Each structure stands twice: as C-alpha cells, then as structure tokens.
C-alpha cells in the first residue's frame, strides 16, 4: 500500500463481518469510479483492544462462523465478495495515526475508538453519518436468519454507495487538515512503510 494515499478505515467489533463487508463494498465502488489507485481502504476491529472488550476474536473470518456464514453466503456471492482469505485484525495506534478517516459501525465501536485514540477524534465517524443518519449498524452476531443478515449487509452497502461523495469529502478534508497540522505535504516528503495487511 501507498502511504501517500488517503486511508479509509472501517471498524467494527471483531472485523469479521460488518467492517470486512464495508471494506469490500468501498473498494468495489472506488474501482467503479476509477479511483482505486487514489485511496487505500482497510478494515479493523476493536475486539481485543477496546477497554471493555479485551477477549480476542476466536476465528479469523466469517467462513468459520457456520450459522452466520450460511445466512450471509448468498448475499456475498451475489456481489462477488469473497471473505475466505480475510484475516480479522485488531486496530492499533499506527493504523489510527495513518488513517484519514475511521468509520465505526455502531456507537460502542465509536466510543472505543474515541477512548483509545483521543488525539484522532476528528477522524472518527459513525458510518450512517454518510447519509445524514445516526442509526447503528447492528452486529450480525446478535441476530439470526438469512433475511436479517442480508438486511444488515444491504444497509452497509447502501450507506457507502449513497454516501460515497460525502465519504470522499470527509476523507480528503481530514487528510488535508492532518497534513496541514503536521506539516506533511500531499506527496509525502518522508514516506513510511505500512505494516498492516
């Protein structure tokens, strides 16, 4: 990945379903618009690092959660989203520092990000803000059934697609503000190597 690019980070609890799907949808949208070489998109989870959620994630991706995966499989396949090689990864300070924007799926995740990285509060947004809403994207682990899982993922997709212009504005404006505050130039005078996947 290129450190000179603005970086968009989607964050949920375990980085198993919601944020991983959001990452895939945003990457697809960037590709459709011919912008995939202009931005970096990744996803992370707060589980294992948040003050109130220290237990690590049990499995690395959605395919290991049989009920959740079966309920989600058709929706994912219809959109050509393959999460079988995804590796659940907790967020860390380096990602928070380099991120241009951090989109939380729910208020608990948003609160965890603000608690963990108060110096980066300007970057933290609830995903639904993209469409002028403040509703949470609920954790798929809390519901069951194909229809309910598909509704959750469709909400994520719709918020990203409908709110994509705002997503780019937020990303670019935060990235610009951060560069101005730190004195970094757009092309990155001192490039840093990224260590995340």
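The values are calculated or read from the model by the stated rules, or taken from the named source; none is laboratory data. Quick caveat, the model's predicted, so the values are computed rather than measured. When we count neighbours, we look across all protein chains shown, and the Cβ atoms used for this are built from the backbone with ideal geometry, even at glycine.
Residue 179: assigned to a helix (DSSP H, G or I) and either modelled with pLDDT of 95 or more or farther than 16 Å from residue 26 by Cβ (or both), yes or no?
Yes: the conditions hold for residue 179.
Which residues, taken from the range 101-146, are farther than 24 Å from residue 164 by Cα and touching a strand residue (DSSP E or B) at 6+ places or on another chain (Cβ under 9 Å)?
112, 115, 116, 117
Considering only residues of the range 1-44 that are outside any loop (DSSP other than H, G, I, E, B) and out of contact with any strand residue (DSSP E or B) (no Cβ under 8 Å at 6 or more places or on another chain), which is nearest to residue 136 (Cα to Cα)?
Once the filter is applied, the top-ranked residue is 21.
Among the numbered criteria (1) surrounded by fewer than 21 Cβ atoms within 10 Å (Cβ to Cβ); (2) within 21 Å of residue 6 (Cβ to Cβ), which one does residue 100 miss?
Checking residue 100 against (1) surrounded by fewer than 21 Cβ atoms within 10 Å (Cβ to Cβ); (2) within 21 Å of residue 6 (Cβ to Cβ), the one that fails is (1).
When you look at residue 81, is it touching a residue at least 24 places away in the same chain (Cβ under 8 Å), under 19 Å from residue 158 (Cα atoms) and not in a loop (DSSP other than H, G, I, E, B), yes or no?
Answer is no for this residue.
Scanning the range 103-137 for residues that are in a strand (DSSP E or B) and in contact with a helix residue (DSSP H, G or I) (Cβ under 6 Å, 6 or more places away or on another chain), which turns out surrounded by the most Cβ atoms within 10 Å (Cβ to Cβ)?
Per the stated criteria, the residue is 103.
What about residue 82, is it modelled with pLDDT of 95 or more and farther than 15 Å from residue 149 by Cβ?
Spelling it out, residue 82 is indeed modelled with pLDDT of 95 or more and farther than 15 Å from residue 149 by Cβ.
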